[in-house]
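Below you'll find the structure, written out as structure tokens, and then a few comments.
The values are calculated or read from the model by the stated rules, or taken from the named source; none is laboratory data. Remember, predicted model here, so these are calculated numbers, not experimental data. Here the Cβ positions follow ideal geometry from the backbone for every residue, glycine too, while neighbour counts run over all protein chains shown.
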Amino acid sequence: MEVLIAGAVAAAAMLFLILKFGKLRRILAFDKWIDIFVTLGVGIMFFGTFSGMMVAVTAGCIVSAFLYFAKKLVGCDKLTWKGWKPDIEPWEPTVAKYVKWRAKCTSTTLRSS
């Protein structure tokens, strides 16, 4: 249990440092590199014991999951020669799609009667 708590604290610390860089959509353009460097950095910090390496692996998994889901939910911007351009648009939640569909169905049903 201590390994999970220490991993969560280390992941939270790394995520707070990452988020200080600026806009989340721009940070997420480099999610793979951030994931690699955070996992290696935490691994180097906790090198020496088995439990330390398990903390590093746990923190790396938490950071990786956060970056993956943040990129899917928020989307990301891509850096080009002409500046930042939208690259990946965020997921539209299934509930929002259902509510739009349901509202459209009820409004057409009300109009026809």
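Of note:
- Contact annotation: residue pairs with Cβ atoms under 6 Å, 6 or more positions apart or on different chains, pairing a residue in segment 17-42 that is surrounded by 14 or more Cβ atoms within 10 Å (Cβ to Cβ) with a partner that is part of a helix (DSSP H, G or I) and of a type in the set (S, T, N, Q), are Asp35/Ser64.
Condition check ((1) at pLDDT below 85; (2) within 20 Å of Leu4 (Cα to Cα)) across all residues:
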| residue | (1), (2) |
| --- | --- |
| Trp33 | no, no |
| Met53 | no, yes |
| Ser64 | no, yes |
| Glu92 | yes, no |
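- Residue match in segment 66-87 (condition: in a loop (DSSP other than H, G, I, E, B) and either at pLDDT below 85 or within 13 Å of the chain's Cα centre (by Cα) (or both)): yes
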